[in-house]
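The values are calculated or read from the model by the stated rules, or taken from the named source; none is laboratory data. The structure presented is a predicted model; accordingly, all values stated were derived computationally and were not measured. Cβ placement follows ideal geometry from the backbone for every residue including glycine, while neighbour counts extend to all protein chains displayed.
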Amino acid sequence: MRIALTELRRRPARFAPALVALMLLTLLLLVLGGLLDGLYNGSTGALRAQPGELLTYSSDAKLSLVRSRIDAATAAEVAKAPGVEQVGGLGVVLLGAKVPDRAEEASVALFGYQLAPRGVPSPPQHTGDVYADRSLRAHGVKLGQTLLLGPNRYPVAVIGWVSDTNFLLQGGLWGNVETWRKAVESARPDAVLAPGTFQALTVVVSPGSKPTEVAAAIDAATGGTTHTVTRSFAVDSLPGLAQQRTTFNAIIFTTFFVAALVVALFFALLTLERTTMYAVFKAVGASSRQIFAQVLSQAVVIALLSFALGAVLALAATFVIPPQVPLQLTQARAVEVVVGLVVMSVAGSVLSLRRVVRVDPASAIG
Amino acid sequence: MLLARAEIKRARLRFGLLAGAIGLLIFLVFFQQTLLGSLLTSFTGALEHQSGTVLVYSADARKSLEASVVSPTLVDRVAAVDGVGQAGPLGEATLTFVAKGQQVDVAVLGAEPGKPGQPTNLVKGRLATAPGEAVASSEDVGKGFGIGDTVATASGGAKVTIVGLTERSQFSVQPTLFVTFDTYETLRRAANPDATSVPPSAVAVIPAKGVSPREAADAIAAAIPGVDAMTRSEAVTSAPGVSSVQSSFAIVLGLAIAVVALVTGFFFLILTVQKTAALTLLHAIGAPASYLVRGLLQQVSLVLGVALVVAIALLYAAVSGSSSGLALTIDPTALVTSAAIIVALSLLGVAFSIWRVVRIEPVEAVSHQGLGGVE
């Protein structure tokens with residue numbers, strides 16, 4: 001083991017190709033993972049923050065918040081269903097927002113809500129006041145500013161900040177129901193809903209009730225005109241989210257595979273070049289296990305060093321990448337990458353085991 | 001040369017496995033490339049294959065047709081701009097339809113008959129000219145969108161009958177219907193009876209004779225504030241999702257191509273290291289370095305050639321056997337480009353092996369114990 005580490009210290013250039021390749025792969029893995037996390041959180045924050053365990057859509061909306069319509073009579077049926085404790089209406093409109101002193105419009109999702117989501121205060125009393133998601137600061141939004149929404153420039157004033165409440169990668173704005181209705185009326189006359197009608201309902205389940213059973217009870221109570229799902233199901237059903245996750249995970253797994261391949265090929269070559277040295281080690285009493293432990297320890301050290309350097313590069317990248325890019329580096333992702341990298345390096349180096357075992361000590365003496 | 005071929009003959013399994021492995025990796029590259037091209041066509045084919053060569057969105061739409069809403073009066077204002085030949089309203093919405101008893105997300109595009117915004121890739125039937133008629137994407141015939149089929153909105157039950165089929169003209173990777181603007185309005189009102197009006201999403205424009213789309217777009221942008229006038233190709237490339245899909249696939253493709261080069265390079269490097277003694281002896285008995293390098297390159301070319309054949313065969317099998325909703329179309333130009341890049345990078349990958357071969361010193365043959373030398 002000590003010999004392996006000494007070799008690493010004394011001849012670092014020999015290991016540089018593998019180190020650089022793995023460092024770049026680490027950077028790629030962290031940035032890809034960070035993008036995936038950023039895209040997921042930026043798309044789903046508003047739904048994940050909902051106070052109810054269930055969300056009720058109209059049955060013909062295919063779980064699209066924008067296409068769903070729940071009228072007042074249906075909402076009353078939902079409220080009366082067994083196991084329902086509280087029901088709140090929810091509406092959203094996706095718009096462009098003109099930010100003072102900024103040439104580029106910001107993409108916003110203006111919500112009108114009755115039950116306050118996690119981390120969002122109760123609905124503002126004044127129509128036209130909104131809480132803005134902190135991510136909008138990257139677009140120049142400031143507290144006290146008036147944003148002009150949609151083609152007809154409906155004004156809303158930012159009165160506070162909230163976190164992790166974005167929807168479909170658009171910055172979350174949270175106002176009272178009247179603010180949402182007026183903004184829709186101004187910007188999207190084709191999406192106007194009658195008074196009392198919402199796009200969806202957030203449903204708080206009574207203590208002790210099973211959310212899936214309550215969901216079935218709600219849909220039965222409304223005669224099948226609604227489709228009630230758990231919050232997590234609603235999140236996973238957002239358009240494009242599953243495909244996005246599949247694509248990114250495919251890239252991430254391919255990258256891990258490439259890392260294993262790089263390590264395997266590198267150590268196969270290294271072992272080949274050191275056959276004579278290993279024969280000498282064996283001739284003086286070293287076992288195949290001891291020699292392979294050296295290979296393994298070198299692979300692990302290279303993986304850890306590469307991760308450290310790659311992580312520094314990834315952190316540096318966050319300062320260079322524009323704040324509009326939804327890159328979120330999390331500890332969980334970093335742990336996943338370092339563990340994955342070490343496992344793949346070990347797996348890759350195992351390919352050299354056969355060659356190490358086959359080294360004949362007799363060849364050391366010709 | 002003879003030796004290189006003889007080596008392959010004697011180690012058919014080793015070289016065969018390598019060619020197979022590289023073939024699979026190249027197939028991965030080709031298949032992803034085909035998938036990317038087909039996906040982009042399904043994303044924006046409807047925009048690309050409609051007759052308006054200039055599209056005018058609202059400025060706050062951030063180049064997204066789905067997010068754009070324009071005033072109906074904008075159509076006349078655009079039509080009055082110098083350089084504009086024809087202008088018409090273009091509506092776009094995703095609605096839930098019932099086809100073959102199933103709820104399906106459908107993109108609906110509405111344009112006035114005879115005005116810009118008509119589908120240009122009609123392959124069967126005719127354009128929609130009357131209320132309740134639609135042209136559907138031919139890729140979705142199996143889902144209940146064939147000529148003569150009638151589909152209805154899930155809410156409101158507004159019906160349309162398919163009278164024509166287009167090709168490569170989907171929008172947002174969904175079944176797509178091209179209808180008249182009146183029908184579009186009817187469908188929107190059926191889906192949301194509370195709507196106070198159904199304004200167009202954009203204005204589709206055909207420039208006057210002798211005016212290029214670029215010139216017409218610039219003239220509209222200069223004459224009317226608060227709008228985003230783009231040429232059709234700009235609207236296609238800047239549509240939301242297109243660049244993110246392109247960059248995601250670019251990473252995967254780049255990685256896969258790098259892996260091919262890496263695997264080829266490392267394999268031949270290991271082979272070269274293993275054969276160093278034999279190559280040294282050959283060099284010592286008079287074989288010039290160029291002969292040894294040519295042998296190596298011949299082996300690389302043969303392995304890559306077989307790998308490419310394997311990859312292309314697999315690609316054709318995969319595309320013809322594909323049963324996904326996405327219509328896959330092979331782009332020969334893109335395949336040739338990728339193949340050239342792969343071959344070039346793989347040759348670069350074996351450059352280190354070539355360097356090692358060139359560096360071989362014939363004198364080492366007499367000091368190499370394995371070759372009978374003394375040290």
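Some points to look at:
- Single condition A:L270 does not satisfy, out of (1) in contact (Cβ under 8 Å) with a residue 60 or more places away in the chain; (2) farther than 16 Å from A:F256 by Cα; (3) more than 14 Å from chain B (Cβ to nearest Cβ): (3)
- Residue in segment A:323-339 that is within 14 Å of chain B (Cβ to nearest Cβ), assigned to a helix (DSSP H, G or I) and either aliphatic (A, V, I, L, M) or more than 19 Å from A:T255 (Cβ to Cβ) (or both) present: no
- Filter result (within 13 Å of A:L30 (Cβ to Cβ) and either basic (K, R) or not assigned by TED's automatic domain parsing to the domain that holds A:L28 (or both)) within segment A:316-366: A:R333
- Lone unmet requirement of (1) within 11 Å of chain A (Cβ to nearest Cβ); (2) closer than 15 Å to B:A344 by Cα; (3) touching a helix residue (DSSP H, G or I) at 6+ places or on another chain (Cβ under 7 Å) for B:I270: (2)
- Exclusive hit being assigned by TED's automatic domain parsing to the domain that holds A:W180, in a loop (DSSP other than H, G, I, E, B), without any contact (Cβ under 8 Å) to a residue 24 or more places away in the chain and of a type outside the set (D, E), set A:A73, A:A116, A:A103, A:A79: A:A103
- Subset tally (residues that are small (G, A, S), away from chain A (no Cβ under 14 Å) and not in a loop (DSSP other than H, G, I, E, B)) for segment B:101-118: 1
- Among (1) within 14 Å of chain B (Cβ to nearest Cβ); (2) surrounded by fewer than 17 Cβ atoms within 10 Å (Cβ to Cβ), the one test that A:L315 misses: (1)
- Enumeration of residues in segment B:170-186 that are away from chain A (no Cβ under 11 Å) and of a type in the set (A, V, I, L, M): B:L177, B:V179
- Within segment A:287-299, if we keep just the residues that are aliphatic (A, V, I, L, M) and buried (at least 16 other Cβ atoms within 10 Å of the Cβ), the residue that is nearest to A:A268 (Cα to Cα) turns out to be A:V295.
- In segment B:54-73 there is no residue that is among the aromatic types (F, W, Y), within 17 Å of B:Y184 (Cα to Cα) and within 14 Å of chain A (Cβ to nearest Cβ).
- Figure legend. Inter-residue proximity from segment A:278-289: first residues over 10 Å from A:P361 (Cα atoms), second residues surrounded by fewer than 16 Cβ atoms within 10 Å (Cβ to Cβ), beta-carbon distance below 9 Å, spacing 6+ or different chains. Indicated pairs: A:S288/A:V357; A:S288/A:R358.
- Flag for B:K159 being under 21 Å from B:G88 (Cα atoms) and either more than 14 Å from chain A (Cβ to nearest Cβ) or in contact with a Leu (Cβ under 7 Å, 6 or more places away or on another chain) (or both): no
- Qualifying residue in segment B:2-15 (condition: assigned to a loop (DSSP other than H, G, I, E, B) and touching a strand residue (DSSP E or B) at 6+ places or on another chain (Cβ under 8 Å)): no
- Residues satisfying the stated conditions in segment A:7-26, i.e. surrounded by fewer than 21 Cβ atoms within 10 Å (Cβ to Cβ) and within 15 Å of A:I252 (Cβ to Cβ): A:L24
- Of all residues making up segment A:243-267, the number that are without any contact (Cβ under 8 Å) to a residue 12 or more places away in the chain, within 10 Å of chain B (Cβ to nearest Cβ) and farther than 26 Å from B:F266 by Cα: 2
- Pair list, Cβ < 6 Å and 6+ apart or interchain, from segment A:174-193 residues that are within 13 Å of chain B (Cβ to nearest Cβ) to residues that are of a type in the set (G, A, S): A:V184/A:A191; A:S186/A:G150; A:A187/A:G150; A:P189/B:S197; A:D190/B:A195; A:V192/B:A195
- Members of segment B:222-239 that are surrounded by fewer than 20 Cβ atoms within 10 Å (Cβ to Cβ) and either within 11 Å of another protein chain (Cβ to nearest Cβ) or over 27 Å from the mean Cα position of the chain (by Cα) (or both): B:A222, B:A223, B:I224, B:P225, B:G226
Residue by residue, here is whether (1) buried (at least 20 other Cβ atoms within 10 Å of the Cβ); (2) under 26 Å from the mean Cα position of the chain (by Cα); (3) in the same structural domain as B:I220 (by TED's automatic domain parsing) holds:
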| site | (1), (2), (3) |
| --- | --- |
| B:R10 | no, no, no |
| B:L17 | no, no, no |
| B:E66 | no, yes, yes |
| B:A93 | yes, yes, yes |
